[in-house]
1. Out of the stretch 101-121, which residues are open to solvent by 50 Å² or more (accessible area, probe 1.4 Å) and of a type in the set (Val, Ile, Thr)?
2. What residue, of Lys180, Lys241, Lys231, Lys215, is modelled with pLDDT under 80 and of a type in the set (Lys, Arg)?
3. Within the stretch 76-88, is there a residue that is touching a helix residue (DSSP H, G or I) at 6+ places or on another chain (Cβ under 6 Å), surrounded by 13 or more Cβ atoms within 10 Å (Cβ to Cβ) and assigned to a helix (DSSP H, G or I)?
4. Would you check which residues across the stretch 1-27 are within 12 Å of Ile38 (Cβ to Cβ), under 24 Å from the mean Cα position of the chain (by Cα) and among the polar types (S, T, N, Q) and list them?
5. Are any residues in the stretch 1-18 without any contact (Cβ under 8 Å) to a residue 60 or more places away in the chain, loosely packed, with under 13 Cβ neighbours inside 10 Å and touching a Ser or Thr at 6+ places or on another chain (Cβ under 9 Å), and if so, which ones?
6. Write out, first by first residue and then by second, each pair whose Cβ atoms fall under 9 Å of each other, whose residues are 6+ apart or on separate chains, and whose first residue, in the stretch 22-33, is basic (Lys, Arg) while the second is exposed (fewer than 11 other Cβ atoms within 10 Å of the Cβ).
7. Go through the stretch 216-225 and give me each residue that's under 10 Å from Pro138 (Cβ atoms) and either out of contact with any strand residue (DSSP E or B) (no Cβ under 9 Å at 6 or more places or on another chain) or not in a strand (DSSP E or B) (or both).
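The values are calculated or read from the model by the stated rules, or taken from the named source; none is laboratory data. If you're wondering where the values come from, they're calculated on a predicted model, not measured in any experiment. Methodologically, a virtual Cβ is constructed for each residue, glycine included, from the backbone with ideal geometry; neighbour enumeration extends over all protein chains shown. Heads up: the accessible areas ignore ligands, DNA and RNA and are worked out on the full protein's heavy atoms, side chains in. Shrake-Rupley method; radii C 1.70, N 1.55, O 1.52, S 1.80 Å.
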Amino acid sequence: MSYRISKYIMFQVENGDIVIQNQESILKVSDNLMKQVISKWDLEQKENVSNEELEELFGDLAEEAIEFLMQYYILTPMKIKTVTVEKIVIASNDIETGKAIHRYLSEEYHSQIPVEVYDLDSLPLSDQNELTVVFMSPYSKKKGKEIVLRQDKQTNSKLLFSYVYHGNFYMDCLYSPQWKVPCHLCHIGHIESSGLVEDTDQDMTYQNMIDLIYKENEAFEIQMPLSGVQKLNITSNLVNKIREYIGDFSVTKAHREDITTCTLVDLQNFKKIRDTSLHWELCNCYE
């Protein structure tokens, strides 16, 4: 058994005791051995510790020490991973948002796995057990197809595809070729189909206009100006979604419905809608 050491802030009071604060609790420690161990972990920025190490540190008192440290959420057991990820790659054609996502994910995971960022046009081939995080604004259906093909060349890679379309921010379900879950082309196929029948007082819907432009120029990119607040909301939603999938690499197994959930965020009022992703009848990714 191994344990994750939570982040904490340590403060020493005048009598030599130390006060520990983390997200879950606050406590004062007066035991000399416990103070020594916690101070050493803080100095070394230690993130994980094994049961064997704890037994060596605390001897016969190891069981009691572990129970105490878990009670105050300084230690949490490391469990089976939800998703195997050995590398995170962020790719975006919105440089500002791409760099913001990279900054937050690097802060969270850089000590455990590589976290890289690329412009969408310079994205290299996928590696094994890579999680690729794509944010596309403007949206290009042509590039979307290219990214799906890139993922399919590495069957155990994972893809979180996100984009802005018709005033909304979309996050597709987590995709991996070996899972046979709906790919990005399934998601955008359903979005386009629903857009063709939307209620409107005008003769032509938004999607009708997009389809006409596509016939003239397949590489046409769909774009809307984003405010700083909208970009912040997009960044927050993406980072939180990634943490749901891989957490701190010590999360329990997720159910299939956790993997196959897609998300829509209205960028005017930031209301969020979650749904289960479905295969599109004109896509063959389920075969």
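1. Result: Val117, single match.
2. Working: Lys180 fails: modelled with pLDDT under 80; Lys241 fails: modelled with pLDDT under 80; Lys231 fails: modelled with pLDDT under 80.
When all the criteria are applied, what remains is Lys215.
3. no
4. Result: Ser6, Asn22.
5. Gln12, Asn15, Gly16
6. Hits for this filter: Lys28/Val13.
7. Those that are under 10 Å from Pro138 (Cβ atoms) and either out of contact with any strand residue (DSSP E or B) (no Cβ under 9 Å at 6 or more places or on another chain) or not in a strand (DSSP E or B) (or both): Phe220, Gln223, Met224.
Table: residues versus (1) open to solvent by less than 60 Å² (accessible area, probe 1.4 Å); (2) farther than 17 Å from Ile246 by Cα.
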position	(1), (2)
Ser92	yes, yes
Lys99	no, yes
Leu123	yes, yes
Gln128	no, no
Pro138	yes, yes
Lys145	no, yes
